[in-house]
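One structure is given below, encoded as structure tokens.
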Amino acid sequence: MKEIKYLILGAGLSGLSAAYHLHGKDFLVVEKSDHVGGLCTSERKNGFTFDQTGHWLHTKTTEVKALVAKLFGDDLIEVVRRTHIFSHNVFTQYPFQSNTYGLPVDVVKECVIGFVKAYYENDKSKASENFYEWCMAYLGEGISKHFMIPYNTKIYTVHPKFYASHWCDFYIPKPTLEQVIAGAVTAPEQKNVGYNATFRYPVENGIGEFPKRLFDCCEKEKFIFNTYPVSIDAEAKTVRLSNGETVKYEHLVNTIPLNKFLKLLENQPWAHEMAERMKIASVSYFNAAFSKPCGHPGHWFYIPEEKFMPYRVGSFSNIYSRLAPEGKGSAYIEYTHQGDSCDVGLFREKSVGLLLAMGLISSEKDIEFMDYRKIESGYVIYHKEYFDDMKFVRNWCREASVALAGRYGKWEYAAMENAIIDGMNAVGLDVKY
Ligand SMILES: Cc1cc2nc3c(=O)[nH]c(=O)nc-3n(C[C@H](O)[C@H](O)[C@H](O)COP(=O)(O)OP(=O)(O)OC[C@H]3O[C@@H](n4cnc5c(N)ncnc54)[C@H](O)[C@@H]3O)c2cc1C
């Protein structure tokens, strides 16, 4: 039996980060696919470069900034975000809550009055009950009705009453009363708000260049591909692999989706029950190539209205012209759903309708191709039992020398920077986010 100090499951950014930071030590990475990078990979077709929908790099920690600087030097562009909401046939500025100018007057009125009422009257202590209550407490009825509830119901596939709100304070801008009123009566400018107001991106080859450069600094002989764990005996600290080998480890680093990991555990009936409770939304998307530049210069657009099936549309070529051949345009169109429930034909038809309604294309003839893709594990849903379950599983893992890392390994809403930090922490560093 092979004995290894660190066994790492998955070679996405978090597994790669763990491997990178273990340089010179005893470790093995087991990856199911034939390549590194996980969600952070890019593909090329007919001169267009596509990532797995938008993957824009925002970093705030010294450690990740230093790693990115070491890997890329000057080979990154810096972009100031241009994002919009498309609803009621108009484009408004992000964030919706402080930029209602331009919407129909009745909608603006509802949003402002709702915000003022929430500001003075609503019970903020209810905000922690669920995401719906958070929206009502801090943003009020109108903003919730016209953006927060429909948009988030689309992205998470369930109504905000059914999931927690603890992540909102970081990811959702809370405007002041002055900002809401000013944004309702004056033509807005792009404002530098939110965690991703500026971001960076590789000069060449799409975001897939990030894991590629990280992998180039790793000991490649310590990676095995096209192989996955079949069962895990956490008491004996052994993992049986699909290639027939059994590996004994001292420390196990899990970056594969936690629900799948739990189902591999032998003699842990609680783990299987918990895995059944865990919910995640899948993301279907199109890589769309156009024979002309996009008819609007925005980077990405949030689509709250129910009549449009996608929840978000972004333009690769608007963000970085080198992602499409000269004189052409490209986009990604995203839709979330449970499991295999995406009707791809309908999604395509609705996507084309949306692109036309937004004016990103002027005719269906502008489309050179639209390739369908799917991300099986997309958005973790913070269901009712989430916090108790996660507390239990994280304690159990700590006792069992299992480190959970990455958006799916840890089962949370997180970005590429978190994946890098999680990989560091999984192998004994102590980096705070
Ligand atoms: C739609 C969408 C948009 C996003 N946009 C951004 C963005 O703009 N900016 C940002 O910073 N972040 C973004 N993210 C988040 C970002 O993609 C993740 O945080 C990050 O890529 C997670 O890396 P990871 O290594 O933890 O997981 P993954 O990338 O999922 O890697 C896991 C690896 O494990 C492998 N694997 C899976 N199952 C097994 C198995 N059974 N055995 C062995 N290997 C297995 C997979 O093949 C994969 O290589 C976005 C995510 C989504 C879904």
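Among the residues of the range 160-180, at least one is outside the structural domain of Tyr20 (by TED's automatic domain parsing), of a type outside the set (Lys, Arg), in a helix (DSSP H, G or I) and touching a Lys or Arg at 6+ places or on another chain (Cβ under 8 Å).
For the range 320-332, give me the residue count where each residue is over 16 Å from Lys350 (Cβ atoms) and buried (at least 21 other Cβ atoms within 10 Å of the Cβ).
4
In the range 22-37 there is at least one residue matching the filter, namely being out of contact with any Phe, Trp or Tyr (no Cβ under 9 Å at 6 or more places or on another chain), more than 23 Å from Ala324 (Cβ to Cβ), assigned by TED's automatic domain parsing to the domain that holds Val230 and at pLDDT 95 or above.
Would you pick out the residues in the range 217-238 that are more than 30 Å from Ala69 (Cα to Cα) and either more than 10 Å from the ligand (Cβ to nearest atom) or hydroxyl-bearing (Ser, Thr, Tyr) (or both)? Scanning the range 217-238 gives Thr227, Tyr228, Ser231, Ile232, Asp233, Ala234, Glu235, Ala236, Lys237, Thr238.
Let's see how each residue does on (1) away from the ligand (no atom under 16 Å from the Cβ); (2) under 29 Å from His88 (Cβ atoms):
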position: Ile333; (1), (2): no, yes
position: Gln338; (1), (2): no, yes
position: Gly345; (1), (2): yes, yes
position: Arg373; (1), (2): no, no
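The set of residues in the range 45-64 being away from the ligand (no atom under 13 Å from the Cβ) and either touching a residue at least 24 places away in the same chain (Cβ under 8 Å) or part of a loop (DSSP other than H, G, I, E, B) (or both) consists of Lys45, Asn46, Gly47, Phe48, Thr49, Glu63. Quick one: count up the residues across the range 4-21 that are near the ligand (Cβ under 9 Å from one of its atoms) and in contact with a strand residue (DSSP E or B) (Cβ under 6 Å, 6 or more places away or on another chain). Residues meeting the conditions: 3. Of the listed requirements (1) over 25 Å from the mean Cα position of the chain (by Cα); (2) part of a strand (DSSP E or B), Glu235 misses just one: (2).
Leu356 passes every criterion in (1) without any contact (Cβ under 8 Å) to a residue 60 or more places away in the chain; (2) hydrophobic (A, V, I, L, M, F, W, C); (3) surrounded by fewer than 21 Cβ atoms within 10 Å (Cβ to Cβ); (4) in contact with a strand residue (DSSP E or B) (Cβ under 7 Å, 6 or more places away or on another chain) apart from (4). Regarding Tyr119, is this residue touching a helix residue (DSSP H, G or I) at 6+ places or on another chain (Cβ under 9 Å), aromatic (Phe, Trp, Tyr), in contact (Cβ under 8 Å) with a residue 40 or more places away in the chain and assigned to a loop (DSSP other than H, G, I, E, B)? When the stated conditions are applied, Tyr119 does not pass them. Scanning the range 34-67 for residues that are surrounded by fewer than 15 Cβ atoms within 10 Å (Cβ to Cβ) and polar (S, T, N, Q), we see that the one that is nearest to Ser282 (Cα to Cα) is Asn46. Restricting attention to the range 392-426 and to residues that are assigned to a loop (DSSP other than H, G, I, E, B) and within 14 Å of the ligand (Cβ to nearest atom), the residue that is surrounded by the fewest Cβ atoms within 10 Å (Cβ to Cβ) turns out to be Tyr413. Here Met1 meets each of (1) modelled with pLDDT of 95 or more; (2) more than 7 Å from the ligand (Cβ to nearest atom) with one exception, condition (1).
Could you identify the single residue in Ser98, Ser42 that is modelled with pLDDT under 95 and among the polar types (S, T, N, Q)? Steps first, please.
Values: Ser42 fails: modelled with pLDDT under 95.
The conditions single out Ser98.
Restricting attention to the range 262-277 and to residues that are surrounded by fewer than 18 Cβ atoms within 10 Å (Cβ to Cβ) and in a helix (DSSP H, G or I), the residue that is nearest to the ligand (Cβ to nearest atom) turns out to be Lys263.
Of the residues Leu9, Leu71, Leu67, the single one that is within 30 Å of Ser231 (Cβ to Cβ) and of a type in the set (A, V, I, L, M, F, W, C) is Leu9.
The values are calculated or read from the model by the stated rules, or taken from the named source; none is laboratory data. Keep in mind that what you see is a predicted model, and the values were worked out from it rather than measured. Using ideal geometry, Cβ is built from the backbone for each residue, glycine included, and neighbour counts are taken over all protein chains shown.
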